[in-house]
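Reviewing the structure listed below.
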Amino acid sequence: MKSEQAELRRSYDRVAEEYARQFRDELEQKPFDRKMLDWLAERVGGAGPICDMGCGPGQVARYLHSRGAAACGVDLSPEMVRRARELNPEIEFSVGDMLALTDVADGAWAGVAAFYSIIHIPRPSVVAALGELRRALRGGGLLLLTFHIGRETLHRDEWWGEEVSLDFIFYETAEMKDYLDAAGFALEEVIERDPYPEVEYPSRRAYIFARNP
Amino acid sequence: MVTPPRWTRQQRIDFADMDYPGTMYRAPAQNFRVPTSPRQIRYIVIHITGGPAQDEGPAINTFRNGPASAHYIVNRQGHVTQFVRDAHIANHVDNINSETNRDSIGIEHVNQWNQDGQLTPTDAQYGASANLVAWLCHQYQIPIVHDLARHAPGIRGHIEEQPESGHVSCPNPAWDWDRYISMVQRVQVQSFASLIDSLAR
C-alpha cells in the first residue's frame, strides 16, 4: 500500500466513530443522491452485486439494499468497516484499497457506487483507480461516480479533535470525463448539481454514470 | 494522454494556514503588517473591485504586487480566497499604518461598477460573503449592524469608512445593504462550521 493510502486509512480510522454518527443518515437529506442511486439500482437490476466503494458506515449500501439491490461495501479503513457491519448486519462489508482491490475477482460486480471516494485519490493515480474499478466490473457493468467540482485541494490535519492528514481533491468535470475515457469507460450521463444549503459543504457536485463496455 | 489543468491559484491549501474554514483558495499578498501586539478586530470593511474583470485574477495580481491588499476576496461564483491572516493588518483603506486598517478586516468582492458597466453581486457571492462575515463577527465579537460611523464596531462600506477617498462606488451603488445584513444575521455559524466537516461527502 502506498504511504498516502496508509495515511488515509489511519486518518479515517481515527474519525470513524464521529464520521459514522454524522453521515450514517445523510441520504435522508439528499433526495437527488437517492434518485441517482434509484437509477443505478434500476439499471443494474438483477445483473449482480453493486459495491458501495469507500462505503464509510455503509449508508449508500444500506440505501441500495433497501431498493432491492444486492449491495456490498468496501472501505480502506478497518474501523469504518467495523461500524458499517454493526449498523448494517445484513450487508457484507470488507476492507479494500481502491487502487488495488486484491480480494476482488475480475468482473465481480455489476455496479459500483463510488460516492465521494475518488476525492481522496491524487490526480496521478485517478486513472489507475478507475481502471481498477473497471476490472472489478463485469462487461456492461455500471459505475456511478460522484465528486466535488473544482481545481483545489483542501487539506485538513485536524478533524473533530483528532489528528489527521487528509487531502480533499476537487476535480473538473471535463477533466474527470477524460480520466474515465482513459480508463476505458464509456460515458453515459454526466450531471452536475448545486450543494444543498445548510446540509453539505458548499461546493458544486458531479454525478457521472459510466459503463464498462 | 490526459493533461491535468494548469493552476492559476494556489493548488493545495492547508486549514492550518488560514482562518476562515470556508476558504477555497489561499494567495499571498505583498503588503501586510504584523502588529507588535495582538490587534483587536472591531469592524469589517466591504469593498468591490469596480473594474471590468469577472474573476479575481486582476485582484490577485494587484495584491501580489502591492501596495494594496485585503484579507479576503469573494468571487462571483462564491469562492473565498484568503490573502492576509486575520491577525495581520492589510492595506485596504488609506495606508498600512492607519487606524482603520489596524482595527478592521477588509473584504473585496469581484463586481464591476464603472462607466462601462454596472453589475450587482451574484446570489452565490452574497451568500458566501454573508457566511464569511457571520463567521468573522462570531469569532471577533463584532456586532452584525450596518453602522455608518467611522471606526464604530460593525460592518460598513469603504466609502462610509473613508468618505474623503472619493470611492463613491465602493460598494454602495452595487450593494444591497438591507439584504446583506439580514443574510449575515440569519447565518447560523455553528451549523455552518458543521458544513465544513461535511467536506467528505
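Overview of results
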| read-out | value |
| --- | --- |
| Residue-averaged beta-carbon neighbours from other chains (10 angstrom radius) around A:200-206 | 5 |
| Partner aspartates and glutamates for A:K30 [C-alpha distance under 18 Å; skip if fewer than 8 residues away on the same chain] | A:D38, A:D52, A:E192, A:D194, A:E198, A:E200, B:D197 |
| The stretch B:116-201 - charge dipole about Cα centre, Lys and Arg +1 at Cβ, Asp and Glu -1, debye rounded to 20 | 300 |
| For the stretch B:16-27, Karplus couplings with θ = phi - 60° (6.51, -1.76, 1.60), whole Hz, Gly/Pro x | 6, 9, 8, 9, 6, x, x, 5, 9, 9, 10, 9 |
| Shielding score for A:138-145, defined as the mean number of other chain Cβ atoms within 10 Å | 0 |
| GluC sites (Glu not before Pro) lying in DSSP loop within the stretch A:48-145, provided at most 10 other Cβ fall within 10 Å | A:E90 |
| Protection proxy ranking of A:23-36, A:113-126, B:91-104, B:68-81 - average other beta-carbon atoms within 10 Å, highest first | B:68-81, A:113-126, B:91-104, A:23-36 |
| B:D116 versus B:E164: modelled label distance in nm, points set 7 Å from Cα along the beta carbon direction | 3.2 |
| Table column - 3J(HN,Hα) (Hz), the stretch A:52-59, Karplus curve with 6.51, -1.76, 1.60, x for Gly and Pro | 8, 8, x, 6, x, x, x, 5 |
| Cα gyration tensor shape for chain B, rounded if a/c is under 1.5, else prolate or oblate | rounded |
| Spatially proximal lysines relative to A:K2 (Cα-Cα < 30 Å; intrachain offsets below 8 disregarded) | A:K177 |
| Per-residue average of Cβ from other chains inside 10 Å of A:89-96 | 0 |
| Extended-chain gain in nm, criterion 0.36 nm per residue less alpha-carbon gap, B:N61 and B:A16 | 13.8 nm |
| The stretch A:61-66 - phi-based ³J(HN,Hα) in whole Hz, Karplus 6.51/-1.76/1.60, Gly and Pro as x | 4, 5, 5, 4, 4, 5 |
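Taken together, the values in this text are just the output of simple stated rules run on the coordinates, not laboratory data. Note that the coordinates shown come from a computational prediction; the quantities given were computed from them, not determined experimentally. Note that each Cβ is placed from the backbone with ideal geometry, even for glycine, and that neighbours are counted across all protein chains shown.
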